[in-house]
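Have a look at the structure below before the remarks.
The values are calculated or read from the model by the stated rules, or taken from the named source; none is laboratory data. Computed from a predicted structure; not experimentally measured. Here the Cβ is made from the backbone with ideal geometry for all residues, glycine too, and neighbour counts use every protein chain on show. Just the protein is used for accessible areas: all its heavy atoms, side chains included, with ligands, DNA and RNA removed. Shrake-Rupley method; radii C 1.70, N 1.55, O 1.52, S 1.80 Å.
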Amino acid sequence: MAITAGPLNNLRQRRDVDLIVPDDSRYEEARRVWNAMIDRRPGAIARPRTADAVAACVQLARTENLPVAVRGGGHNIAGRCVCDDGIVIDFADMKGIRVDAGARTARAEPGLRWLEFDRETQAVGLATTGGTVGDTGIAGLTLGGGFGWLEGKFGMTVDNLIGADVVLADGRLVHASNRENDDLFWALRGGGGNFGVVTSFEYQLHEVGPAIVGGLVVHPFPRAKEALRFFRDFLHDAPGELVAAAVLMTAPDGQQACGIAVAYPGDVAEGERLVAPLKQFGPPVMDVIGRMPYLAQQSLIDAAMPPNVLNYWKAEFLRDVSDELIDAAVDGFARVPSPMSSILFFPIRGAASRVAPDATAFPHRNGFHVGVYSLWTDASQNDPNISWVRQTWRAIQPLSSGGVYVNELGDDEGADRVRMAYGPNYDRLQRIKAKYDPRNLFCQNANIAPVGV
Ligand SMILES: Cc1cc2nc3c(=O)[nH]c(=O)nc-3n(C[C@H](O)[C@H](O)[C@H](O)COP(=O)(O)OP(=O)(O)OC[C@H]3O[C@@H](n4cnc5c(N)ncnc54)[C@H](O)[C@@H]3O)c2cc1C
């Protein structure tokens, strides 16, 4: 459904929104998202600079019955931030951030990436749990849950959200927090982009760094099973504040390998003591674990996840890194077609796991997120790379704890997988959706059907 010129005129006349339509020279670049598999052509891409302009975009979509997608950092693997036809509300021009060092809070606009957010908060020695790749948007990650290196000490990103300004489906701008619209606030913290368009996030910050203990060790692939068992036991014995993740990958020398990355955001001497077993095991073929700036930890794996390459992912939550899981993952990785692909094991632990599953809309408060990630560059190789993910995931999936991360659902996953992502919170989310978006205007997401629809 193309958008006719008339309805767009209202937006065109505003000074606080930049409109990019298909004949604009910027259109091709503007419609592109992180995953190069996604190829959608919106009728218009609106880049608002104020909350009022966001409300005007939402009004337009509602009155003209247009599909509307919302874009933060553009990283979502399913590419849900861009739709065919309809209108994209793209926050590329809303990247403001105000840090209150005294109150240890930050108000941040949804166009920011974690790298940009972290730089501002670290300037005054503060941080909150964010994503592990600097280029990822704060908006989508926050609304889906947000695991990261600080989760063990401070909880997930949703646990550090203390308020949000939201444009609702009817165009009203409201505030959501524990004191105002608390049902909406609960739903925003894990319910994806289902409930409205967030124009500002307010986060709790904490003292972090600037130096922490972090980094990565790498073991040769023939010892991957042993290294993963060590990783499991090491984490079991470590304090919850220490977060470590394992990854099956291909090292820069072209050899397959098993990496273990770690972060301890507390006292540096204590961190060095805690990571000593990680450095001793093996020994590793590469060891860059030690004292480092928190900002360096936050970009540790950036180079391994570049933008604009072809991606196909499947993920699952598992209770533990069992021997069966290790066998399935390592045997699967031995057959990986692309050297850019990986299998990630990221725990939900410490403070993140002490939050009740129904305290926020994000329910998966224990165990491990396992991601099977294919990345490749040659489109003629789509089939083997997609098949590898599906085959490897099929071997892992029977070990599932029954959950999947909403932020890593692919665009080919059905309603049952969407339900799994919200788990036991789905019914409550449906009722809140019916209150705030009864006509399901915001449906370009892992969609929660309003009750009765
Ligand atoms: C390389 C890479 C690394 C990652 N690492 C992590 C990680 O360490 N931890 C983690 O938890 N996740 C991680 N993820 C997953 C990440 O959380 C999701 O991809 C998330 O959707 C990214 O947010 P975004 O704003 O960049 O995405 P976008 O694609 O812009 O947005 C995703 C969806 O969020 C909603 N949305 C976005 N902005 C708004 C808004 N302002 N108001 C309302 N709804 C909105 C929309 O429904 C949109 O479709 C990673 C992803 C990638 C690709």
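Some values worked out for this structure:
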read-out	value
Number of positions in segment 278-299 that are touching a Lys or Arg at 6+ places or on another chain (Cβ under 9 Å) and among the charged types (D, E, K, R)	1
Filter result (more than 16 Å from the ligand (Cβ to nearest atom), of a type in the set (Lys, Arg) and assigned to a helix (DSSP H, G or I)) within segment 424-450	428, 431, 435
Residue 266, sole failed condition from (1) at pLDDT below 95; (2) touching a Pro at 6+ places or on another chain (Cβ under 9 Å); (3) not basic (Lys, Arg)	(1)
Filter result for the condition that a residue is within 12 Å of the ligand (Cβ to nearest atom), assigned to a strand (DSSP E or B) and modelled with pLDDT of 95 or more, over 88, 58	88
Failed item in (1) under 30 Å from residue 371 (Cα atoms); (2) in contact with a strand residue (DSSP E or B) (Cβ under 9 Å, 6 or more places away or on another chain), with residue 3 passing the rest	(1)
Cβ-Cβ under 6 Å pairs, at least 6 apart or on other chains, segment 185-208 side part of a strand (DSSP E or B), far side near the ligand (Cβ under 8 Å from one of its atoms) and open to solvent by 20 Å² or more (accessible area, probe 1.4 Å)	197/70
Subset tally (residues that are in a loop (DSSP other than H, G, I, E, B), open to solvent by 10 Å² or more (accessible area, probe 1.4 Å) and out of contact with any Ser or Thr (no Cβ under 7 Å at 6 or more places or on another chain)) for segment 102-121	3
Members of segment 402-412 that are within 25 Å of residue 75 (Cβ to Cβ), open to solvent by 20 Å² or more (accessible area, probe 1.4 Å) and either of a type outside the set (Asp, Glu) or without any contact (Cβ under 8 Å) to a residue 12 or more places away in the chain (or both)	407, 412
Of all residues in segment 122-132 being of a type in the set (Gly, Ala, Ser) and buried (at least 24 other Cβ atoms within 10 Å of the Cβ), the one that is nearest to residue 99 (Cα to Cα)	127
Residue within segment 231-245 that is under 26 Å from the mean Cα position of the chain (by Cα), over 30 Å from residue 357 (Cβ atoms) and crowded, with 16+ Cβ neighbours inside 10 Å present	no
Pair list, Cβ under 9 Å, 6 or more apart: segment 425-447 residue open to solvent by less than 30 Å² (accessible area, probe 1.4 Å), other residue part of a loop (DSSP other than H, G, I, E, B) and among the hydroxyl-bearing types (Ser, Thr, Tyr)	425/360
Check on residue 278, over 23 Å from residue 145 (Cα atoms), open to solvent by less than 30 Å² (accessible area, probe 1.4 Å) and modelled with pLDDT of 95 or more	yes
Residue satisfying condition, being in a loop (DSSP other than H, G, I, E, B), more than 9 Å from the ligand (Cβ to nearest atom) and within 22 Å of residue 212 (Cβ to Cβ), within set 133, 99, 124	124
